[in-house]
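Data first, discussion second: the structure below is written as structure tokens.
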Amino acid sequence: MVTKKKEPVKKIKVQKKELKQIKKKPGINKVFVISSAIVLVILIAAGVFVYLNKDKLFDKVVASVNGEKIYLKEVNDRFALYQGAYTKEELLNQTIIEKLLLQESAKKGLTVTDDEFNTFLTSLLQANNLTNDQLVQELKTQGMSYAEFEKSYKQRLVLEKLITGVIKDISVTEQEIDDYYIQVKSQLPENVTFEQVKSLINQTLLAQKQNKVFADFVEGLFAKSAIKTNYGLISEKVSDQDKVVGLAECLTEKGAIMYGASTCSHCKNQKALFGDAFQYVTYIECDTTGKDACDKAGIQGYPTWIIGGQNYEGEITLENLAKASGCSY
């Protein structure tokens, strides 16, 4: 019987670096809240949410919102998703706002029922011409389970409820539309009439009011919340050890297996290249518990890596392991 190394439980611990109060950081002011609030509304409308896999957390806390931690991986995942469209600092700020809003939603008792989610799901499937089975398959290719997808989108729907409640009573008066038209009239083509632009003016003014009210609402949440951040962590370069851990985890995700023996000096050298990160590598001990598996795999010498169905014998550098597997290092 093959005994695989049990995947260790990664401990989450706050770094000793002092967490700064977000309110004291330059740039965290009403202008920040307004711009971030507008971005958040756009993201909610687009249905863009990053689901955090708790088993993949790095042990670096970059912020806390009323005691709820935000981890470096959350920010890095968002950064990868948006492909550099936003800075990591902007994405951390956006994550902080999202946490605040979800916490406020919980305080208000806002929830999404299964019927509400199913109505949303039906619309989503119809809009994308997908069946439920096709959706599940597509989620698998993206490394997300259906349960994770449902949780993510229920959060989106809860936030939509919260935002709708904040801005539902806002309206634009006829006088405001007239005044705005007078201001911009000289900039319009002569053949454009008031009636032709009235609806557009109404939409513009309504959006401005809604963004202002929502920004004030978010600023109020900031004022009564305990928010701490460590912006230094999100700008740090990835350490050498983090790179090795990332490679080890990626090798396991790709199905790579190292076969070795406790009496093999080359195996010890191979393990030493990973250091503590070797605990994340899938390893089979051929001298003892994994003997049958090694025989079945046709292992002739140690160490031997099997990556993508191909055998690689002898000690291999981390760089070459990365190339053979397609992992980053």
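The values are calculated or read from the model by the stated rules, or taken from the named source; none is laboratory data. The structure displayed is predicted, hence computed values, not measured ones. Every residue, glycine as well, gets a Cβ built from its backbone with ideal geometry; the counts of neighbours run over all protein chains shown.
Return the pairs, sorted by first residue and then second, in which the second residue is buried (at least 20 other Cβ atoms within 10 Å of the Cβ) and among the charged types (D, E, K, R), the first residue lies in segment 272-294 and is farther than 25 Å from A322 by Cα, the beta carbons are less than 6 Å apart, and the residues are 6+ apart or on different chains.
Cβ pairs passing all conditions: none.
From the set of residues in segment 95-118 that are among the hydroxyl-bearing types (S, T, Y) and buried (at least 18 other Cβ atoms within 10 Å of the Cβ), which is modelled with the lowest pLDDT? Spell out how you get there, then give the answer.
Of segment 95-118, the ones among the hydroxyl-bearing types (S, T, Y) are 95, 105, 111, 113.
Add one more test, that the residue is buried (at least 18 other Cβ atoms within 10 Å of the Cβ), and what stays is 95, 105.
Values: T95: 90, S105: 96.
Here the answer is T95.
From (1) loosely packed, with under 12 Cβ neighbours inside 10 Å; (2) assigned to a helix (DSSP H, G or I), pick out the condition that doesn't hold for L321.
(1)
With the condition being among the polar types (S, T, N, Q) and either within 22 Å of T95 (Cβ to Cβ) or in contact (Cβ under 8 Å) with a residue 60 or more places away in the chain (or both), I'd like the helices (runs of 4 or more DSSP H) fully within segment 119-184 carrying at least 2 qualifying residues. Break it down into steps so the answer makes sense when it comes.
Details: elements: 132-141, 146-167, 174-184.
Where helices (runs of 4 or more DSSP H) fall fully within segment 119-184 and carry at least 2 residues being among the polar types (S, T, N, Q) and either within 22 Å of T95 (Cβ to Cβ) or in contact (Cβ under 8 Å) with a residue 60 or more places away in the chain (or both), they are 146-167.
Among the listed residues A277, A256, identify the single one that is farther than 24 Å from N76 by Cα and either in the same structural domain as N76 (by TED's automatic domain parsing) or under 37 Å from the mean Cα position of the chain (by Cα) (or both). Working first, answer last.
On the way: A277 fails: farther than 24 Å from N76 by Cα.
Matching residue, one of A277, A256: A256.
So in segment 89-115, with the set limited to residues that are β-branched (V, I, T) and part of a helix (DSSP H, G or I), which one is farthest from I234 (Cα to Cα)?
Step one: of segment 89-115, the residues β-branched (V, I, T) are 95-97, 111-113.
Remaining after also requiring part of a helix (DSSP H, G or I): 95-97.
On the way: T95: 13, I96: 14, I97: 17 Å.
Checking each candidate, the answer is I97.
I'm told V62 meets every condition in (1) surrounded by 21 or more Cβ atoms within 10 Å (Cβ to Cβ); (2) modelled with pLDDT under 80 except one. Can you identify the failing condition by its number?
That leaves (2) as the condition not met.
Within segment 265-281, does at least one residue satisfy the condition of being farther than 19 Å from Q241 by Cβ and aromatic (F, W, Y)? Spell out how you get there, then give the answer.
Quick first cut of segment 265-281, residues farther than 19 Å from Q241 by Cβ only: 265-268.
Retained after the next criterion (residues that are aromatic (F, W, Y)): none.
Within segment 265-281, none of the residues are farther than 19 Å from Q241 by Cβ and aromatic (F, W, Y).
Identify all residues within segment 190-218 that are part of a helix (DSSP H, G or I) and aliphatic (A, V, I, L, M); write none if there are none.
First, the residues of segment 190-218 that are part of a helix (DSSP H, G or I): 194-218.
Of everything in segment 190-218, those that are part of a helix (DSSP H, G or I) and aliphatic (A, V, I, L, M) turn out to be V197, L200, I201, L205, L206, A207, V213, A215, V218.
May I ask you to verify whether A248 is among the small types (G, A, S), out of contact with any strand residue (DSSP E or B) (no Cβ under 9 Å at 6 or more places or on another chain) and at pLDDT 90 or above? Outline the logic, then answer.
Details: among the small types (G, A, S): yes; out of contact with any strand residue (DSSP E or B) (no Cβ under 9 Å at 6 or more places or on another chain): yes; at pLDDT 90 or above: yes.
Spelling it out, A248 is indeed among the small types (G, A, S), out of contact with any strand residue (DSSP E or B) (no Cβ under 9 Å at 6 or more places or on another chain) and at pLDDT 90 or above.
Before we move on, is D287 among the charged types (D, E, K, R) and either surrounded by 20 or more Cβ atoms within 10 Å (Cβ to Cβ) or part of a loop (DSSP other than H, G, I, E, B) (or both)? Spell out the reasoning first.
On the way: among the charged types (D, E, K, R): yes; either surrounded by 20 or more Cβ atoms within 10 Å (Cβ to Cβ) or part of a loop (DSSP other than H, G, I, E, B) (or both): yes.
For D287, the condition - among the charged types (D, E, K, R) and either surrounded by 20 or more Cβ atoms within 10 Å (Cβ to Cβ) or part of a loop (DSSP other than H, G, I, E, B) (or both) - is met.
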